[in-house]
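Comments concern the structure below.
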Amino acid sequence: MITSIKELLISENYGKKINVKGWVRTKRESKNVAFIALNDGSTINNVQIVVNIDSTNEEKLAKIHTGASLSIDGELIKSEGKGQNIEINAENIEILGIANPDEYPLQPKKHSLEFLRENAHLRFRTNTFSAIFRIRHAMIFAIHSFFNEKGFYNVHTPIITASDAEGAGEMFRVSVLPAKNPPVNEQGNVDFTKDFFGKETNLTVSGQLEAELAALALSKVYTFGPTFRAENSNTTRHLAEFWMIEPEAAFYDINDDMDLAENMLKYCVKYALDNCFDDLQFLSNRLKEEEKGKPQDQQSQELIDKLNFVLNNDFERITYTEAIDILRNSNHNKKKKFQYIIDGWGADLQSEHERYLVEKHFKKPVILIDYPKEIKAFYMKQNEDGKTVRAMDILFPGIGEIVGGSQREENYAKLVARMNEMEIPTSEMSWYLDTRKFGTVPHSGFGLGFERLMLFITGMGNIRDVIPFPRTPKNAEF
Ligand code: 4AD
Ligand code: MG
């Protein structure tokens, strides 16, 4: 049995002979003893290894540098040092792998996030990224446990699909046809009937449409899968490959949907505070360091305070129309401080507007409902005013939109009419329309961008730093 450092650090079996394995974070030597801080990724905390220099092979000790992997046999002893309960008196050290400091890119000092992004294959080994990826695991687990507790069934929806769920057309094609001289049809277009699936297929932009099929039988379902969007947005909030959680529930209206989303987000925040406190504390300190130079009014709220604040306050719920009024009448708008000035009803909100509402006006998360139908997807339930749809977006501090969802149009005739208006071919979507033909029910759902949740929980500023291997325009390294 291999004991993790996480387990060792809470153990009080003083005098016990143990074996511990991990990677060297730092080594420092004094006259008779060397101290090695060893980490195995199970926790942000290192275990201190005390090495008696006189009784240790000199050559071996000289080979131990930051990044080397070791297996150590020794005795667990109570530590006199500050901030640690135990340390290990090394009796035998085996070097599993050296890390030559002249070649190893990670030095025992602070590296920039940009540098670490270029070395994403090694960045798991830093305190910052190991903390982030432990939290990422905890959030995946929290989401599954939330839905499981609420009686939602997880369904896997296809990754390769022939439909464009969002109708935005920003998809990656999946094809086995040769890129050079593909077969063409009589009209001179690429002949996808010759392709693997006999039709044009893409990577999915959302599992929603298939989740709806399941919800109209299992009542409450959710998907949690990879999602692909070929939008050329080089921002700190967009990935070409991200993970999305999409619950879909029969008999839910827009209010039930908002309650579900707010509860889910709070559950995740609470789970992080309860289970990832050391890692959050580390990230919080890191942020404080980073913001030290900034003027007071530009510093963001301390990470753990920010999480508690979201946990303990109701989200503000207002309509799109009310939001437009607030924005239009704001001094910010009048002084033309927005890049996109708000002058009328109907405009899509940019992230600067979303963040103004959340960070300056309400100072808490905001849920916007009843958007103009022109700026939303075809499947959303049409309101009686003929102008708006029952959409809801949740806006978060520092992020903007974190959740997008809606009540769905369950009326067959209205849905078909809207699809025709938007020129969405109904003939290829008969499987979807069948849900409205046979036993249709009111139902609702939403999509949570998992990496946007991760940005919020970790306080990181760039979405490339909360997914192990980011996919963005012109970047598919590793
Ligand atoms: O608002 P979106 O496009 O909604 C849908 O896809 C619906 N089918 C969801 C549903 O109702 N089942 O995307 C949902 C969320 C956004 O709020 C955002 O958090 C995230 O997905 N998202 C992205 N995250 C990272 N990179 C991107 N390029 C993203 N695009 C959307
Ligand atoms: Mg959206």
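The values are calculated or read from the model by the stated rules, or taken from the named source; none is laboratory data. All values reported here derive from a predicted model rather than from experimental measurement. Here the Cβ positions follow ideal geometry from the backbone for every residue, glycine too, while neighbour counts run over all protein chains shown. What goes into the accessible areas is simple: the full protein's heavy atoms, side chains included, and nothing from ligands, DNA or RNA. Shrake-Rupley method; radii C 1.70, N 1.55, O 1.52, S 1.80 Å.
Considering the range 232-273, the residues that are out of contact with any helix residue (DSSP H, G or I) (no Cβ under 9 Å at 6 or more places or on another chain) and within 14 Å of I467 (Cβ to Cβ) include one that is surrounded by the fewest Cβ atoms within 10 Å (Cβ to Cβ), namely E241. Inspect all residues belonging to the range 318-325 and state whether any of them is under 24 Å from I143 (Cβ atoms) and part of a helix (DSSP H, G or I). The answer is no, given that none of the residues of the range 318-325 is under 24 Å from I143 (Cβ atoms) and part of a helix (DSSP H, G or I). Can you spot a residue in the range 458-475 that is of a type in the set (F, W, Y) and either surrounded by 20 or more Cβ atoms within 10 Å (Cβ to Cβ) or not in a loop (DSSP other than H, G, I, E, B) (or both)? No: the range 458-475 contains no residue that is of a type in the set (F, W, Y) and either surrounded by 20 or more Cβ atoms within 10 Å (Cβ to Cβ) or not in a loop (DSSP other than H, G, I, E, B) (or both). If the condition is being assigned to a helix (DSSP H, G or I) and either within 12 Å of the chain's Cα centre (by Cα) or within 13 Å of ligand 1 (Cβ to nearest atom) (or both), then the range 421-457 contributes Y432, F450, E451, R452, L453, M454, L455, F456, I457. Among the hydrophobic types (A, V, I, L, M, F, W, C), under 22 Å from R452 (Cα atoms) and open to solvent by less than 30 Å² (accessible area, probe 1.4 Å): does that describe L203? When the stated conditions are applied, L203 does not pass them.
Close contacts from the range 444-461, counting a first residue that is within 11 Å of ligand 2 (Cβ to nearest atom) and a second that is of a type in the set (F, W, Y) and open to solvent by 10 Å² or more (accessible area, probe 1.4 Å), with Cβ to Cβ under 8 Å and a gap of 6+ residues or different chains, come to G449/F242; G449/W243. Taken together, the residues in the range 462-478 that are free of Cβ contacts under 8 Å to residues at least 60 places away in the same chain and among the polar types (S, T, N, Q) amount to 1.
In the range 302-317, the count of residues that are open to solvent by less than 70 Å² (accessible area, probe 1.4 Å) and either part of a strand (DSSP E or B) or at positive phi (or both) is one or more. Within the range 196-229, work out how many residues are within 9 Å of ligand 1 (Cβ to nearest atom), in a loop (DSSP other than H, G, I, E, B) and among the hydroxyl-bearing types (S, T, Y). Matching residues across the range 196-229 total 1.
Counting the residues of the range 284-302 that are touching a residue at least 40 places away in the same chain (Cβ under 8 Å) and farther than 26 Å from Q350 by Cβ gives 2. Among the residues of the range 45-60, the ones that are under 41 Å from the mean Cα position of the chain (by Cα) and in a loop (DSSP other than H, G, I, E, B) come to 2 in all. Scanning the range 401-424 for residues that are of a type in the set (V, I, T) and open to solvent by 20 Å² or more (accessible area, probe 1.4 Å), we see that the one that is nearest to E384 (Cα to Cα) is V416.
Counting the residues of the range 80-94 that are of a type in the set (G, A, S) and surrounded by 11 or more Cβ atoms within 10 Å (Cβ to Cβ) gives 2. Out of N181, N232, N255, one residue alone is in a helix (DSSP H, G or I) and among the polar types (S, T, N, Q). It is N255. Taken together, the residues in the range 327-355 that are over 30 Å from the mean Cα position of the chain (by Cα), in a helix (DSSP H, G or I) and surrounded by 14 or more Cβ atoms within 10 Å (Cβ to Cβ) amount to 3.
Looking across the range 3-40, just one residue is in contact (Cβ under 8 Å) with a residue 12 or more places away in the chain, open to solvent by 30 Å² or more (accessible area, probe 1.4 Å) and small (G, A, S), and that is G15. Based on this model, can you work out whether I394 counts as in contact (Cβ under 8 Å) with a residue 24 or more places away in the chain, assigned by TED's automatic domain parsing to the domain that holds R134 and in a helix (DSSP H, G or I)? No. Answer yes or no: is there a residue in the range 360-378 that is more than 16 Å from ligand 2 (Cβ to nearest atom), touching a residue at least 60 places away in the same chain (Cβ under 8 Å) and in the same structural domain as P247 (by TED's automatic domain parsing). Within the range 360-378 (the criterion being more than 16 Å from ligand 2 (Cβ to nearest atom), touching a residue at least 60 places away in the same chain (Cβ under 8 Å) and in the same structural domain as P247 (by TED's automatic domain parsing)), the answer is no, since none of the residues qualifies. Per the conditions (1) more than 30 Å from W243 (Cβ to Cβ); (2) open to solvent by 20 Å² or more (accessible area, probe 1.4 Å), the sole criterion not satisfied by A99 is (2).
Selection of the range 428-449 for residues being under 28 Å from A240 (Cα atoms) and of a type outside the set (A, V, I, L, M) yields E428, W431, Y432, S444, G445, F446, G447, G449.
Annotation note: of H144, H156, H238, H137, the sole residue that is assigned by TED's automatic domain parsing to the domain that holds R452 and within 16 Å of ligand 2 (Cβ to nearest atom) is H238. So which residues in the range 41-62 are buried (at least 16 other Cβ atoms within 10 Å of the Cβ) and within 17 Å of Q107 (Cα to Cα)? Residue satisfying the conditions is N46 alone.
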